[in-house]
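Reviewing the structure listed below.
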Amino acid sequence: MNNITLVNSTKVPKIDLLLCEIINLLEQSFPNRIRGYYLEGSYANYSAVASSDIDMRVVFKGKLEAEERQQFAQYLESYQQMCSIELGITPDSESALFRIGAVRFQKASLLMYGEDIRAQVPLKPIDSFIRDNMHFQYRLLARIRGNPEVLRFPLDYPDPAGEFYGYDRRPIRADGIIHYGTKDLVLNVLCPATALIALKAKQYVVSKQDCVTQYRRWINDEWTPLIEAVYQQCRCQWNYLVPSDADDRKQLRKLCISALCFENHFLEHYKAYLLTELQHTDDAYKLYTVKRLGQIIYGDRPRRALRHRAVVTVLEKMKNTNNQELKLQIDTTLQHY
């Protein structure tokens, strides 16, 4: 075993030791292939709670090959089984970072080992940051609902019969014990809030705390109290765990009720964004957007829902395209409408 000396510290000795073990494993598994290890998230900004994940980006030199990505996932899965803390460790490559750019990597990461290339990586353009964040929310909304074939707007609770409506079903690790907690609730409120900050204020957001601060600064609407309460109570006060106190449980239930309303509030904005994306000059963006409109169906019985008729109208007009792949996808999406 090689001796690993960290460039920076998380100020939590057991986390530093764990990072040394992980880095040593990866250095031996991928000799001379990894440029650097960059901590992100709460351990990077010293705001971690007991149930926080370890978020780290491992940057490979040059291009990351598919076989390397698969091996990386296998090593991580094996190590996770022995680890009492949830690991959010993802591989990346220099070539992708130099080509696409990044935001949190430059603005909110902490180099733990290796070479620092952050100054060489371009900042992702704000339009790309907006697009990534607006589209990302679908994954969260679908995952908490069991990844159904389609989502129908307006959304219902993940579990209408549950005490906390299904926002408490994600297993989390805390001190080596598996609990069911509220990380999905936090993500399903703060991530759409991040997307709306980007969309409306053209601002980058790099952390949960940054999201809360910027939402009040740039938007400050009727949803601001929900965003602040979810962050302060679910994350900071209850450490992502479901509280045992009866009054706290009542408060959590209220937050879950409001969370569904906020998800649907975001989806209203997302529909308008998708309709705008359909006007893009690049057919690749159009194709992605048409696919997404086949995954999120606006209106339970859309042909009778005049409020969402704009989606059908725009798609019908686009059928005149010469792009056969796009035309086929339009026909597929329209089957849901």
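The values are calculated or read from the model by the stated rules, or taken from the named source; none is laboratory data. Here the structure is a predicted model, which is why all the values come from computation and not from measurement. Here the Cβ is made from the backbone with ideal geometry for all residues, glycine too, and neighbour counts use every protein chain on show. Surface accessibility is based on the protein's heavy atoms, side chains included, excluding ligands, DNA and RNA. Shrake-Rupley method; radii C 1.70, N 1.55, O 1.52, S 1.80 Å.
Modelling each spin label as a point 7 Å along the Cα-to-Cβ direction, I'd like the residue 139/residue 201 distance in nm, to one decimal.
Taking the simple label geometry, residue 139 and residue 201 are separated by 2.4 nm.
When only the heavy atoms of the protein chains count and the probe is 1.4 Å, how do 127, 132 rank by accessible area, highest first?
Output order, biggest surface exposure first: 127, 132.
Counting only protein heavy atoms and a 1.4 Å probe, tell me what percentage of the chain's accessible area is made up of carbon and sulfur.
48
Give me the distance in nm between label points sitting 7 Å out from Cα along the Cα-to-Cβ direction at residue 33 and residue 177, one decimal.
Between residue 33 and residue 177, the label points sit 3.9 nm apart.
Quick one: which residues, 5 or more positions from residue 113 or on another chain, have an amide H under 5 Å from its amide H? H modelled 1.01 Å from N in the peptide plane, none for Pro or chain starts.
7, 37
Return the loop-located GluC sites (Glu not before Pro) in the range 221-268 (DSSP other than H, G, I, E, B) with at most 16 other Cβ atoms within 10 Å of their own Cβ; answer none if there are none.
222
What whole-number value in cubic angstrom gives the convex hull volume per residue for the C-alpha atoms of the range 45-87?
Once divided by residue count, the hull of the range 45-87 is 77 Å³.
What is the gain in length, in nm to one decimal, between residue 163 and residue 287 on full extension, counting 0.36 nm per residue of separation less the C-alpha to C-alpha distance?
40.7 nm
Can you give the percent of C-alpha pairs in the range 177-293 whose distance is more than 19 Å?
52
If one takes the longest principal axis of the Cα atoms in the chain, at what angle in degrees, from 0 to 90 and to the nearest 10, does the Cα axis of helix 246-277 lie?
Helix 246-277 sits roughly 60 degrees off the main axis of the chain.
Residues with amide H under 5 Å of residue 297's amide H, sequence separation 5 or more or different chain, H placed in the peptide plane at 1.01 Å from N; which?
Amide H neighbours of residue 297: 151, 152, 153.
Rg over Rh of the range 97-162, using C-alpha atoms and the Kirkwood radius, what does it come to? Write out the running numbers ahead of the final one.
Numbers: Rg = 17.6 Å, Rh = 14.9 Å.
Ratio value, two decimals: 1.18.
Please report, in debye to the nearest 20, how large the charge dipole of the chain is about its Cα centre when each Lys and Arg carries +1 at its beta carbon and each Asp and Glu carries -1 there.
1040
When all C-alpha to C-alpha distances in the range 149-196 are sorted into bins of 5 Å, what percent of pairs does each bin hold, rounded to whole numbers?
In order of increasing distance, the bins hold 5, 18, 18, 24, 20, 10, 4, 1 percent.
Once amide H atoms are placed 1.01 Å from N in the peptide plane, what residues at a sequence separation of 5 or more from residue 172, or on another chain, have their amide H within under 5 Å of its amide H?
Amide H neighbours of residue 172, under 5 Å, 5+ apart: 179, 180, 181.
Just to confirm the number: angle between the C-alpha axis of helix 283-293 and the first principal axis of the chain, 0 to 90 degrees, nearest 10?
Compared with the principal axis, the helix lies near 80 degrees.
Distances over 16 Å make up what percent of all Cα-Cα pairs in the range 47-155? Numbers along the way, then the final one.
Numbers: 4191 of 5886 pairs.
Percent of Cα pairs beyond 16 Å in the range 47-155: 71.
Using θ = phi - 60° and the Karplus form 6.51 cos²θ - 1.76 cosθ + 1.60, what ³J(HN,Hα) does each residue of the range 195-210 get, whole Hz, x for Gly and Pro?
Couplings: 4, 5, 4, 4, 5, 8, 10, 6, 10, 7, 10, 10, 7, 5, 4, 4 Hz.
Tell me, what is the percent relative contact order of the chain, built from C-alpha pairs under 8 Å that lie six or more residues apart? Let's see the in-between values first.
Numbers: 451 pairs, mean separation 48.4, N = 337.
Computed over the chain, the figure is 14 percent.
Using the Cα centre as the reference, give the magnitude of the dipole from point charges on the C-beta atoms of the range 1-124 (Lys, Arg: +1; Asp, Glu: -1; all else neutral), rounded to the nearest 20 debye. Provide the component values of the computation, followed by the final result.
Values: 13 positive and 15 negative charges, 93 e Å.
Rounded to the nearest 20 debye, it is 440 debye.
Once the piece of chain linking residue 152 and residue 63 is laid out straight, how much longer is it, given 0.36 nm per residue of separation minus the C-alpha distance between them?
28.2 nm
Residue by residue through the range 71-79, which ³J(HN,Hα) values in whole Hz follow from phi under the Karplus form 6.51 cos²θ - 1.76 cosθ + 1.60 (θ = phi - 60°), with glycine and proline marked x?
Using θ = phi - 60°, the values come out as 4, 4, 4, 5, 4, 5, 4, 5, 5 Hz.
Over all pairs of distinct alpha carbons, what does the Kirkwood formula give as the hydrodynamic radius of the chain, in Å? Spell out each step's value before the answer.
Details: mean 1/r = 0.0457 Å⁻¹.
Its Kirkwood hydrodynamic radius stands at 21.9 Å.
Provide the convex hull volume over Cα atoms per residue for the range 83-235, in Å³.
Residue-normalised Cα hull volume stands at 158 Å³.
First check a/c for the range 26-101, with a ≥ b ≥ c the square roots of the eigenvalues of its C-alpha gyration tensor; if it is under 1.5, answer rounded, and if not, answer prolate when a/b is larger than b/c or oblate otherwise.
It is oblate, given that a/c is not under 1.5 and a/b is not larger than b/c.
Once phi is turned into θ = phi - 60°, what whole-Hz ³J(HN,Hα) does the Karplus curve with 6.51, -1.76 and 1.60 give for every residue of the range 221-234, x standing for Gly and Pro?
So the J values, rounded to whole Hz, are 10, 5, 8, 4, x, 5, 4, 5, 5, 4, 5, 5, 8, 5.
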